[in-house]
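Working notes, structure below.
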Amino acid sequence: MSFESNEKAEGYWRENLRLVLSLLAVWAFVSFGCGILLVDVLNEIHFMGFKLGFWFAQQGSMYVFVALIFVYVAKANALDKKYDVHED
């Protein structure tokens, strides 16, 4: 990866780090928050015949994690194009 200047490189990595940290925050909330801390509150809601807290702990978190991968790929590709370091 070759940047035109150090300022562009620093901007790229700053935005990339912000993206990664925000996706990690979503990951932590879904896995720890919805699967452990808020499970009693979420269990009062039913989703597809299951208690929502149980569903998040068993299946929902995996769906969110896979979705986060696709979100990261799309956002990282857009970031690469913005800083002109994308692959042709």
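Only residues that are part of a helix (DSSP H, G or I) and among the hydroxyl-bearing types (Ser, Thr, Tyr): list them for the range 1-45, please.
If the condition is that a residue be part of a helix (DSSP H, G or I) and among the hydroxyl-bearing types (Ser, Thr, Tyr), then Tyr12, Ser22, Ser31 are the ones that fit.
For the range 39-71, what are the residues that are at pLDDT 90 or above and under 30 Å from Asn16 (Cβ atoms)?
Met62, Tyr63, Val64, Phe65, Val66, Ala67, Leu68, Ile69, Phe70, Val71
Only residues that are in a helix (DSSP H, G or I) and of a type in the set (D, E, K, R): list them for the range 46-85, please.
Answer for the range 46-85, where residues must be in a helix (DSSP H, G or I) and of a type in the set (D, E, K, R): Lys75, Asp80, Lys81, Lys82.
Which one is nearest to Asn6 (Cα to Cα), of the residues in the range 51-88 that are aromatic (Phe, Trp, Tyr) and either touching a Lys or Arg at 6+ places or on another chain (Cβ under 6 Å) or open to solvent by less than 100 Å² (accessible area, probe 1.4 Å) (or both)?
Among them, the one singled out is Tyr83.
Quick check: is even one residue across the range 2-22 farther than 30 Å from Glu87 by Cα, surrounded by 13 or more Cβ atoms within 10 Å (Cβ to Cβ) and in contact (Cβ under 8 Å) with a residue 24 or more places away in the chain?
Looking for residues that are farther than 30 Å from Glu87 by Cα, surrounded by 13 or more Cβ atoms within 10 Å (Cβ to Cβ) and in contact (Cβ under 8 Å) with a residue 24 or more places away in the chain, one finds none in the range 2-22, hence no.
Please name all residue pairs, on different chains or six or more residues apart, with Cβ atoms under 6 Å, provided the first residue is in the range 71-88 and is among the aromatic types (Phe, Trp, Tyr) and the second residue is open to solvent by less than 70 Å² (accessible area, probe 1.4 Å) and modelled with pLDDT of 95 or more.
From residues that are among the aromatic types (Phe, Trp, Tyr), the pairs are Tyr72/Leu23.
In the range 1-37, which residues are touching a helix residue (DSSP H, G or I) at 6+ places or on another chain (Cβ under 7 Å) and more than 18 Å from Val73 (Cα to Cα)?
Phe3, Val30, Ser31, Cys34, Gly35
Can you tell me which residues in the range 27-66 are without any contact (Cβ under 8 Å) to a residue 12 or more places away in the chain and charged (D, E, K, R)?
Residues satisfying the conditions are Glu44, Lys51.
Of all residues in the range 23-43, how many are touching a strand residue (DSSP E or B) at 6+ places or on another chain (Cβ under 7 Å) and exposed (fewer than 14 other Cβ atoms within 10 Å of the Cβ)?
Within the range 23-43, residues that are touching a strand residue (DSSP E or B) at 6+ places or on another chain (Cβ under 7 Å) and exposed (fewer than 14 other Cβ atoms within 10 Å of the Cβ) number 0.
The values are calculated or read from the model by the stated rules, or taken from the named source; none is laboratory data. All figures in this text were calculated on a predicted structure; none of them were measured in a lab. Ideal geometry is used to build each Cβ from the backbone, glycine not excepted, and the neighbour counts take in all protein chains shown. Areas reflect the complete protein model, heavy atoms only, side chains present, ligands, DNA and RNA absent. Shrake-Rupley method; radii C 1.70, N 1.55, O 1.52, S 1.80 Å.
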